[in-house]
1. With contacts defined as alpha carbon pairs under 8 Å and 6 or more residues apart, what's the relative contact order of the chain in percent?
2. For labels at residue 275 and residue 295 in the simple 7 Å Cα→Cβ model, what's the distance in nm?
3. Take the Cα of residue 44, step 7 Å along the line toward its Cβ, and report every residue of the range 297-316 whose backbone nitrogen sits under 11 Å from that point.
4. Report, to the nearest 10°, how far helix 33-45 tilts away from the longest principal axis of the Cα atoms in the chain, using its own Cα long axis and a range of 0 to 90°.
5. Pull out the extension gain between residue 20 and residue 66, defined as 0.36 nm times the separation in residues minus the alpha carbon to alpha carbon distance; nm, one decimal.
6. For the chain, just the Cα set please: Rg and Dmax, both in angstrom.
7. Give me the log10 of I(q) over I(0) for the range 19-145 at q = 0.14, 0.17 Å⁻¹, as the Debye formula computes it from C-alpha points; what are the numbers?
8. Where does the chain land at 222 nm, in deg cm²/dmol rounded to the nearest 500, when only DSSP H runs of n ≥ 4 count, each adding -39500 (n - 2.57), divided by all residues?
Amino acid sequence: MTSLSLPDVLPAPRRPSADSVPSLRWGVLGTGWIASRFVASLQASTTQRVMAVGSRTQQTADAFAATHSIERALGSIADLVSDPDVDVVYVATPHHLHRAGALAAVAAGKHVLVEKPIGLNAAEAQEISAAARAAGVFCMEAMWTLFLPRFDVVRQVLEAGLLGEVHTVLADHGEHFDPPHRILDPAMAGGSLLDLGTYVTTLATWALGPATRVQAAGSMTPSGVNGQAAMVLTHAVEATSVLHSTLLTRTPTAATIAGTAATLTLPGPFFMPGDVVVTSADGSRSVTWTDPEPIGHGALHHSAVEAARCIGDGLLESPLHPAEAVQHNLRALDEVATQLGVTYA
Ligand SMILES: NC(=O)c1ccc[n+]([C@@H]2O[C@H](COP(=O)([O-])OP(=O)(O)OC[C@H]3O[C@@H](n4cnc5c(N)ncnc54)[C@H](OP(=O)(O)O)[C@@H]3O)[C@@H](O)[C@H]2O)c1
């Protein structure tokens with residue numbers, strides 16, 4: 001066991017304050033569950049301005065705009081992305097439509113923040129980020145977890161080497177869904193992998209780097225989507241991650257990153273605001289960072305603040321979640337899907 005002394009307090013998060021970044025004009029594509037929470041979070045906690053919402057139907061756009069006091073309600077993707085009062089488009093449609101929405105926004109010269117997963121697979125992710133780069137616009141997957149203050153504490157713990165040599169990541173994400181949720185629909189690229197599994201594989205590849213080997217076991221639902229998946233990833237450094245995602249049951253949704261000197265735990269739900277606990281390898285000492293933010297989707301705005309910070313700085317991607325990292329994650333998920341016989345229409 002390596003002996004490294006733990007500090008009395010964990011590093012404070014360094015995320016930019018919401019009023020320190022440019023106040024951008026947002027267009028929201030889609031009027032569903034996450035779009036509603038994203039807009040509410042922006043309006044409650046930032047100076048970002050939601051100017052327009054785009055839907056497949058004018059009626060739905062009107063209703064969403066009325067609920068969220070949004071000036072402009074537009075009845076098509078084309079109208080939203082060509083709106084001259086929109087700087088950045090947030091794509092909040094089901095996964096299989098991210099590519100079309102993101103490419104339309106990029107072609108119209110808009111910056112783009114795309115819900116997770118940015119595409120159905122690594123090839124789509126590559127295509128979207130290459131198009132954005134060629135157009136000179138900012139593009140980021142809205143993997144909101146990585147922009148939470150909680151994760152900046154984790155980032156600093158890792159950077160400071162407080163865990164010693166990191167060899168292990170354990171993480172699960174399990175929630176129960178009933179029909180007619182889109183996660184159960186094969187036509188909407190449903191299944192546990194792209195909605196829930198992507199959180200655990202993102203965490204593992206973020207902490208340990210790209211997977212060099214992937215082993216998966218799992219099962220399908222009667223509707224024909226992946227119900228659950230157990231995944232073991234081997235990483236280039238001498239490290240292993242053991243991961244699980246399920247849409248059948250509620251599991252702890254906790255995460256552990258363990259090293260030779262200490263173990264970091266993220267009590268569930270690990271992907272939301274919450275505490276960070278670091279315990280020495282001999283178990284004798286523990287230090288906790290207590291998150292002042294409540295658990296929940298009220299924290300979605302951190303990804304918008306990161307997008308605004310980057311766009312203000314003239315960056316085309318976020319150093320906290322670059323296109324390359326997204327592809328590492330999706331390549332691992334592609335391999336899991338192949339091993340489990342999962343295909344997306
Ligand atoms: N970050 C997070 O915590 C989080 C949580 C949940 C979901 N998400 C992600 O957000 C995305 C959307 O998920 P959601 O749960 O918000 O889905 P949802 O409630 O079904 O909403 C999706 C919206 O997309 C639009 N849409 C366009 N074409 C559609 C089609 N063919 N079928 C259905 N809807 C269509 C619809 O708006 P119109 O009818 O107005 O066109 C619909 O309201 C997913 O990729 C998911 O992974 C992220």
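Read-outs: derived from the displayed coordinates by stated rules, not from any lab. Since the structure is predicted, the reported quantities are computational estimates derived from the model, not experimental observations. No Cβ is skipped: glycine too gets one built from the backbone with ideal geometry, and neighbour counts run over all protein chains shown.
1. On the way: 798 pairs, mean separation 70.2, N = 345.
Value for the chain: 20 percent.
2. Inter-label distance under the simple model: 1.2 nm.
3. 297-301
4. Here the helix axis deviates by roughly 80 degrees.
5. Numbers: separation 46, 0.36 × 46 = 16.56 nm, distance 2.87 nm.
13.7 nm is the gain from fully extending residue 20 to residue 66.
6. Both quantities, over Cα of the chain: 19.8, 63 Å.
7. Log10 I(q)/I(0), no solvent term: -0.53, -0.79.
8. Rounded to the nearest 500, the figure is -9500 deg cm²/dmol.
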